[in-house]
Amino acid sequence: MNYKFTTYKEGYIESQFLIGSGIYDKWRMGGQTRPEQLKVAYTGADFDPETKFYAFIENEMVAFLTSTEKKDEENKSAFFEFPFIKKGYDDVLDQLIQYAFEKLRKKDFKILITRAGHYWGKTKSLADDYGFELKNDIIHAGELHLDEIDTSTLEYPKDLLSFNAEKDIDDLAEIFASRFNIPVEKMKKNISRFKDLQIGQTIINPWNQELTLVTNVVGRVDGKLVARAVAMNAESYGSKNVNIISFYVKDGYEKMKSQLIRKIMEDCKDQEYHRLIVHTGLWGSHPEDSYFEEFGFKFLTKLAYYHKNL
């Protein structure tokens with residue numbers, strides 16, 4: 001097909017959102033940033049329209065590819081995402097990638113950094129095909145099929161309480177602000193999203209995904225908050241799958257691990273979810289796979305950073 005290639009221009013956001021959403025709906029992780037958030041990002045002081053690339057047939061956008069400069073690097077580097085392409089236009093893939101490479105070289109970029117893995121379509125094979133080399137893992141995904149688990153073998157969740165915003169937000173904000181090096185007030189705001197959310201109710205996250213609350217508990221011993229777990233169903237994980245999005249146990253209270261896992265499993269079964277997913281690594285709930293393997297989770301796939309000298 002005879003494609004026209006261009007960099008970003010005002011008015012592209014809605015079409016970009018529709019194409020991206022259609023792709024992310026088929027992936028196991030992630031989501032397309034909503035139009036209102038893209039508009040803020042694409043009008044910011046640091047925004048460079050010459051790092052966003054698009055393919056058109058006449059006046060119809062059929063694919064896009066985004067990159068973003070990574071600041072404070074010795075060699076000029078950019079985060080690079082492989083193309084999102086409308087169904088029926090797969091032959092644009094290489095043309096759009098080569099167009100982006102050419103434009104980025106002219107802007108003196110030396111290194112491209114991409115995220116790839118079996119979570120995200122064909123990104124792993126594309127990284128290999130286009131000369132990207134593995135740099136480091138980001139997250140691993142562990143899966144547990146609940147039909148195969150007898151929860152009665154785990155410790156009964158006697159120390160767990162339903163999340164209570166009035167009692168718990170301050171304590172949780174202090175814990176997680178320290179853990180993730182985030183200002184306490186910002187962490188309070190993040191946790192407050194769940195303030196009025198009840199089990200079975202939904203919220204929309206920043207990537208336009210609908211999340212349904214399955215478990216939201218804390219663990220207290222002698223009044224001290226020592227554990228926390230949140231599990232939610234996300235559209236991108238399939239209708240019968242649940243993702244553990246927060247899991248914390250204070251050092252010295254390891255027995256709470258079993259209580260939290262049992263509580264999540266039982267909540268999932270009660271609400272007729274069949275598979276539980278947890279992420280470990282840089283972005284995950286805990287840094288080691290073994291932390292969850294003892295409960296039967298199997299870690300089968302990962303997302304990683306890949307680098308390419310341009």
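The values are calculated or read from the model by the stated rules, or taken from the named source; none is laboratory data. For clarity, every value in this text was computed on a predicted model and none was experimentally measured. Here Cβ is always computed from backbone atoms with ideal geometry, including for glycine, and neighbour counts include all displayed protein chains.
In the list F247, F299, F292, which residue meets the criterion of being within 22 Å of A116 (Cα to Cα) and over 15 Å from the mean Cα position of the chain (by Cα)? Write out each step before concluding.
Working: F247 fails: within 22 Å of A116 (Cα to Cα); F292 fails: within 22 Å of A116 (Cα to Cα).
The match here is F299.
State the number of residues belonging to the stretch 271-291 that are of a type in the set (F, W, Y) and either farther than 22 Å from W120 by Cβ or in the same structural domain as R115 (by TED's automatic domain parsing) (or both). Working first, answer last.
Of the residues in the stretch 271-291, the ones of a type in the set (F, W, Y) are 273, 283, 291.
Still in the running and either farther than 22 Å from W120 by Cβ or in the same structural domain as R115 (by TED's automatic domain parsing) (or both): 273, 291.
Total satisfying the criteria: 2.
Of the numbered conditions (1) more than 22 Å from D46 (Cβ to Cβ); (2) surrounded by fewer than 20 Cβ atoms within 10 Å (Cβ to Cβ), K124 satisfies every one except a single condition; which is it?
Result: K124 fails condition (2) only.
In the stretch 109-167, how many are part of a loop (DSSP other than H, G, I, E, B), under 24 Å from D289 (Cα atoms) and in contact (Cβ under 8 Å) with a residue 40 or more places away in the chain?
Of the stretch 109-167, the ones part of a loop (DSSP other than H, G, I, E, B) are 109-110, 118-122, 130-132, 149-150, 154-159, 163-164.
In the following step, the residues that additionally are under 24 Å from D289 (Cα atoms) were identified as 118-121, 149-150, 154-157.
If we keep only those that are in contact (Cβ under 8 Å) with a residue 40 or more places away in the chain too, we end up with 118-121, 149, 154-157.
Number of matching residues: 9.
Does D72 satisfy the condition of being out of contact with any Cys (no Cβ under 6 Å at 6 or more places or on another chain), outside any strand (DSSP E or B) and under 25 Å from S15 (Cα atoms)?
On the way: out of contact with any Cys (no Cβ under 6 Å at 6 or more places or on another chain): yes; outside any strand (DSSP E or B): yes; under 25 Å from S15 (Cα atoms): no.
Considered against the rule, which asks whether it is out of contact with any Cys (no Cβ under 6 Å at 6 or more places or on another chain), outside any strand (DSSP E or B) and under 25 Å from S15 (Cα atoms), D72 comes out as no.
Select from the stretch 67-115 the residues that are within 13 Å of F5 (Cα to Cα) and among the polar types (S, T, N, Q) and list them in ascending order. It would help to see each step written out before you state the result.
First, pick out the residues of the stretch 67-115 that are within 13 Å of F5 (Cα to Cα): 83, 92-103.
Across the stretch 67-115, the qualifying residues are Q95, Q98.
Please find, within the stretch 127-176, the residue that is nearest to K308 (Cα to Cα) out of those that are among the polar types (S, T, N, Q) and surrounded by fewer than 13 Cβ atoms within 10 Å (Cβ to Cβ). Explain how you work it out, then say what you get.
Filtering the stretch 127-176 down to residues among the polar types (S, T, N, Q) leaves 136, 151-153, 162, 164.
Remaining after also requiring surrounded by fewer than 13 Cβ atoms within 10 Å (Cβ to Cβ): 136, 152-153, 162, 164.
On the way: N136: 13, S152: 49, T153: 48, S162: 47, N164: 47 Å.
Here the answer is N136.
A quick yes/no check of all residues on (1) among the charged types (D, E, K, R); (2) more than 20 Å from G121 (Cα to Cα); (3) within 26 Å of the chain's Cα centre (by Cα):
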site: D46; (1), (2), (3): yes, yes, yes
site: I57; (1), (2), (3): no, yes, no
site: T68; (1), (2), (3): no, yes, yes
site: Y89; (1), (2), (3): no, no, no
site: Q95; (1), (2), (3): no, no, no
site: E102; (1), (2), (3): yes, yes, no
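Kindly provide the set of residues from the stretch 88-107 that are surrounded by fewer than 17 Cβ atoms within 10 Å (Cβ to Cβ) and either of a type in the set (G, A, S) or free of Cβ contacts under 8 Å to residues at least 24 places away in the same chain (or both), ordered by number.
G88, D90, D94, Q98, E102, K106
Residue-wise test of (1) touching a Pro at 6+ places or on another chain (Cβ under 7 Å); (2) of a type in the set (D, E, K, R); (3) modelled with pLDDT under 90.
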position	(1), (2), (3)
A227	no, no, no
Y237	no, no, yes
S258	no, no, no
D289	no, yes, yes
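Which of (1) under 28 Å from E10 (Cβ atoms); (2) in contact with a helix residue (DSSP H, G or I) (Cβ under 6 Å, 6 or more places away or on another chain) is the odd one out, the single condition L146 does not satisfy?
Unmet condition: (1).
Which numbered condition trips up G284, out of (1) among the small types (G, A, S); (2) outside any strand (DSSP E or B); (3) touching a strand residue (DSSP E or B) at 6+ places or on another chain (Cβ under 7 Å); (4) closer than 22 Å to I149 by Cα?
Condition (4) is where G284 drops out.
Which pairs turn up if I take residues in the stretch 244-260 that are touching a residue at least 12 places away in the same chain (Cβ under 8 Å) and look for partners that are aromatic (F, W, Y) with beta carbon separation below 7 Å, at least 6 apart in sequence or on another chain?
Every condition considered, the pairs that remain are L260/F247.
Given the residues R193, R220, R179, which is the only one that is over 28 Å from F299 (Cβ atoms), charged (D, E, K, R) and within 19 Å of the chain's Cα centre (by Cα)? Lay out the reasoning, then the answer.
Details: R220 fails: within 19 Å of the chain's Cα centre (by Cα); R179 fails: over 28 Å from F299 (Cβ atoms).
From the options R193, R220, R179, the qualifying one is R193.
Quick check, is I199 part of a loop (DSSP other than H, G, I, E, B), in contact with a helix residue (DSSP H, G or I) (Cβ under 9 Å, 6 or more places away or on another chain) and farther than 30 Å from D90 by Cα? Before you say what the answer is, go through the steps one by one.
Numbers: part of a loop (DSSP other than H, G, I, E, B): yes; in contact with a helix residue (DSSP H, G or I) (Cβ under 9 Å, 6 or more places away or on another chain): yes; farther than 30 Å from D90 by Cα: yes.
It is true that I199 is part of a loop (DSSP other than H, G, I, E, B), in contact with a helix residue (DSSP H, G or I) (Cβ under 9 Å, 6 or more places away or on another chain) and farther than 30 Å from D90 by Cα.
Does the stretch 256-270 include one or more residues that are part of a strand (DSSP E or B), within 29 Å of D25 (Cα to Cα), within 23 Å of the chain's Cα centre (by Cα) and not assigned by TED's automatic domain parsing to the domain that holds L104?
We begin by selecting, within the stretch 256-270, every residue part of a strand (DSSP E or B); these are none.
Within the stretch 256-270 (the criterion being part of a strand (DSSP E or B), within 29 Å of D25 (Cα to Cα), within 23 Å of the chain's Cα centre (by Cα) and not assigned by TED's automatic domain parsing to the domain that holds L104), the answer is no, since none of the residues qualifies.
Considering only the stretch 87-106, I want to know if a residue exists there that is assigned to a strand (DSSP E or B) and either assigned by TED's automatic domain parsing to the domain that holds S15 or closer than 17 Å to Y8 by Cβ (or both).
No, every residue in the stretch 87-106 fails to be assigned to a strand (DSSP E or B) and either assigned by TED's automatic domain parsing to the domain that holds S15 or closer than 17 Å to Y8 by Cβ (or both).
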